[in-house]
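One structure is given here, and the rest of the page talks about it.
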Amino acid sequence: MHEYSLAVEGLKLAQQEAEKNRALSVSEITIEVGNLSGVEAVAFEASLKLVKEGSILEKTYLNIIKIKG
């Protein structure tokens, strides 16, 4: 299930940016998932929710946008 590893890396990048900018929280993350990407959007979103637990991103709203490409 590569959606989980994508979720881990994506949230790691978001957390690094938050720490770099000394943010105490992140209100929203927007991620585009293309139909041709090979990523199952539902599994990816579930993985993101699991990965963000216990982190600075725990209360972050995840905005998953499904696009054609």
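The values are calculated or read from the model by the stated rules, or taken from the named source; none is laboratory data. What you are looking at is a predicted structure, and each value in this text was computed from that prediction instead of being measured. In this analysis, Cβ positions are derived from the backbone assuming ideal geometry, glycine residues included, and neighbour counts consider all displayed protein chains. Note: areas computed on protein heavy atoms with side chains; ligands, DNA, RNA excluded. Shrake-Rupley method; radii C 1.70, N 1.55, O 1.52, S 1.80 Å.
A few points about this structure:
- Scanning the stretch 33-52 for residues that are in contact with a Lys or Arg (Cβ under 7 Å, 6 or more places away or on another chain) and either surrounded by 15 or more Cβ atoms within 10 Å (Cβ to Cβ) or closer than 14 Å to H2 by Cβ (or both) yields a total of 2.
- Those residues of the stretch 1-16 which are surrounded by 12 or more Cβ atoms within 10 Å (Cβ to Cβ) and either among the small types (G, A, S) or over 12 Å from the mean Cα position of the chain (by Cα) (or both), in sequence order: H2, A7, G10, A14
- Residue that is most open to solvent (accessible area, probe 1.4 Å) [pool: residues in the stretch 53-69 that are touching a Ser or Thr at 6+ places or on another chain (Cβ under 7 Å) and hydroxyl-bearing (S, T, Y)]: Y61
- Selected residue (criterion: nearest to K68 (Cα to Cα)) from residues of the stretch 9-43 that are part of a loop (DSSP other than H, G, I, E, B) and small (G, A, S): S37
- Taken together, the residues in the stretch 51-69 that are within 10 Å of L11 (Cβ to Cβ) and modelled with pLDDT of 90 or more amount to 5.
- Selection of the stretch 1-36 for residues being of a type in the set (S, T, Y) and modelled with pLDDT under 90 yields only S25.
- Restricting the first member to the stretch 16-41 and to residues that are under 17 Å from E58 (Cβ atoms), and the second to residues that are open to solvent by 60 Å² or more (accessible area, probe 1.4 Å) and assigned to a loop (DSSP other than H, G, I, E, B), the beta-carbon pairs closer than 7 Å and six or more apart or on different chains are S25/K59.
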